[in-house]
Amino acid sequence: MHVKVFKTKSEASDYAFQLLIKQKDLGPSTYGLATGSTPLGLYQLMVNSEYDFSQDQAINLDEYIGLSKDHPQSYAYFMNQYLFSKKPFKATYIPNGVAEEIHQECLNYDQILEQWPIDLQILGLGSNGHIGFNEPGSSFDTKTHCVQLTESTIKDNQRFFENNEKVPSRAITMGIDSILKAKQIILMAFGENKAHAIRQAIELPASPLCPASCLQQHANTFILLDEEAASQLSGEYNA
Ligand code: GLP
């Protein structure tokens with residue numbers, strides 16, 4: 001794991017963008033993408049760049065169960081709004097949150113992941129240490145599956161929902177085993193509310209209690225932090 005601390009999240013996003021372009025320079029690639037506010041700086045850099053992604057593929061981590069791709073809070077809508085409508089990809093995949101057979105949808109998603117191994121996986125971090133929607137307690141050998149979201153995740157994500165609309169309580173997520181299969185991983189975390197999870201992920205022994213700690217088992221992982229997110233780390237980390 002390479003841990004890098006930046007003064008601002010914008011500097012961290014710049015660094016993530018450079019890593020992404022290094023991958024892109026190798027040829028058509030498959031990117032594993034995340035939602036949430038954290039990767040937005042990176043997506044903005046991609047959108048504003050001269051790079052063409054029309055030969056690349058994107059496979060997203062997760063989706064709420066019960067939200068169709070037209071629902072403004074669905075992750076499909078989010079990705080379209082911030083990236084795909086502005087930078088077309090050759091193909092994009094997001095779990096179908098309104099699939100009739102959720103179990104079958106998970107199996108289909110695993111087939112997509114097998115067919116298109118991820119070259120570079122982008123991750124954010126839940127304040128409870130989740131990655132994708134793999135909540136604390138998730139074992140490290142899971143594939144795509146349906147999860148019950150924790151109260152803390154539902155509360156954290158309430159800010160994206162308006163008019164007292166309820167945050168869905170279930171989601172489909174790529175599993176930790178699938179995430180660890182990516183050739184390279186970039187996890188970004190910004191802000192003080194991520195500091196506790198970052199310390200657990202990096203400095204405590206890997207444990208399902210902090211799903212992001214699985215990244216200790218992946219040699220080609222970059223953890224890009226701003227100073228607030230790094231504030232509980234005891235080690236010396238420099239950009
Ligand atoms: C959701 C997503 C995660 C994301 C997390 C953090 O729970 N499923 O993939 O990392 O939110 O969101 P934010 O980046 O807004 O803090």
query = Considering the chain as a Gaussian network with a 10 Å cut-off on Cα pairs, which listed residue, PRO28, PRO95, PRO211, attains the greatest mean-square fluctuation?
reply = PRO28
Using a Förster distance of 41 Å, the FRET efficiency for GLN232-GLU165 (Cβ separation, nearest 0.05) = 0.75
inquiry  = What does the extension gain come out to for SER37 and THR8, with contour length at 0.36 nm per residue minus their alpha carbon separation?
reply    = 9.0 nm
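DSSP beta bridges in region 2-230, what fraction antiparallel, as a percent rounded to 5? Write down the numbers at each step before the final one.
On the way: 9 of 32 bridges.
About 30 percent, rounded to the nearest 5.
Per the Kirkwood definition applied to all pairs of different Cα atoms, how many angstroms is the hydrodynamic radius of region 27-165?
Working: mean 1/r = 0.0632 Å⁻¹.
The Cα-based Kirkwood calculation yields 15.8 Å.
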query = Can you give me the relative contact order of the chain as a percent, contacts being Cα pairs under 8 Å and 6 or more apart?
reply = 27
key: Calculated FRET efficiency for the pair SER139/HIS71, C-beta based, R₀ 25 Å, to 0.05   = 0.25
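Leaving out ligands and nucleic acids, and using a 1.4 Å probe, what accessible area per residue does the chain come to in Å²? Display every interim value, and only then the final one.
Values: 11070 Å² over 239 residues.
Value for the chain: 46 Å² per residue.
Assigning unit charges at the beta carbon (Lys, Arg +1; Asp, Glu -1) and nothing else, what dipole magnitude in debye, to the nearest 20, does the chain show about its Cα centre? Write out the running numbers ahead of the final one.
Working: 18 positive and 28 negative charges, 51 e Å.
Dipole size: approximately 240 debye.
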ask   = So what is the 222 nm mean residue ellipticity for the chain from helices alone, if each DSSP H run of at least 4 adds -39500 (n - 2.57) and you divide by all residues, rounding to the nearest 500 deg cm²/dmol?
value = -8000 deg cm²/dmol
query = What is the spin-label model distance, in nm, from GLN44 to GLU114 if the labels are put 7 Å beyond Cα along the C-beta direction?
reply = 4.1
Sites LEU26 and GLN216 - FRET efficiency at Förster radius 25 Å, r taken between beta-carbons, to 0.05 = 0.45
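Return the carbon/sulfur percentage of the accessible area of the chain, one whole number, probe 1.4 Å, all protein chains in place. Could the numbers behind the result be given before it?
Numbers: 5360 of 11070 Å².
The C+S portion of the solvent-accessible surface of the chain is 48 percent.
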inquiry  = Could you tell me the extents of the chain's C-alpha atoms along the three principal axes, largest first, rounded to whole Å?
reply    = 49, 41, 36
note = Largest-first ranking of PHE140, PHE133, PHE160 by accessible area, probe 1.4 Å, whole protein assembly kept, is PHE160, PHE140, PHE133
query = Between region 210-234 and region 156-190, how many Å separate their Cα centres?
reply = 17
key: Segment MET1-CYS146, length gained on full extension (0.36 nm per residue, minus Cα span)   = 49.4 nm
ask   = Roughly how many whole Å is it from the C-alpha centroid of region 45-107 to that of region 12-39?
value = 15
task = Could you sort out which of LYS22/LYS194; LYS155/LYS183; LYS9/LYS155; LYS9/LYS166; LYS24/LYS90; LYS4/LYS24 sit more than 25 Å apart by Cα distance in this structure?
result = LYS22/LYS194; LYS155/LYS183; LYS9/LYS166
query = What is the extension gain from GLN81 to GLU192, computed as 0.36 nm multiplied by their sequence separation minus the C-alpha to C-alpha distance, in nm to one decimal?
reply = 37.3 nm
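The values are calculated or read from the model by the stated rules, or taken from the named source; none is laboratory data. Not measured: the values here are computed from a predicted model. Every residue, glycine as well, gets a Cβ built from its backbone with ideal geometry; the counts of neighbours run over all protein chains shown. Calculation scope for accessible area: heavy atoms of the full protein, side chains included, ligands and nucleic acids excluded. Shrake-Rupley method; radii C 1.70, N 1.55, O 1.52, S 1.80 Å.
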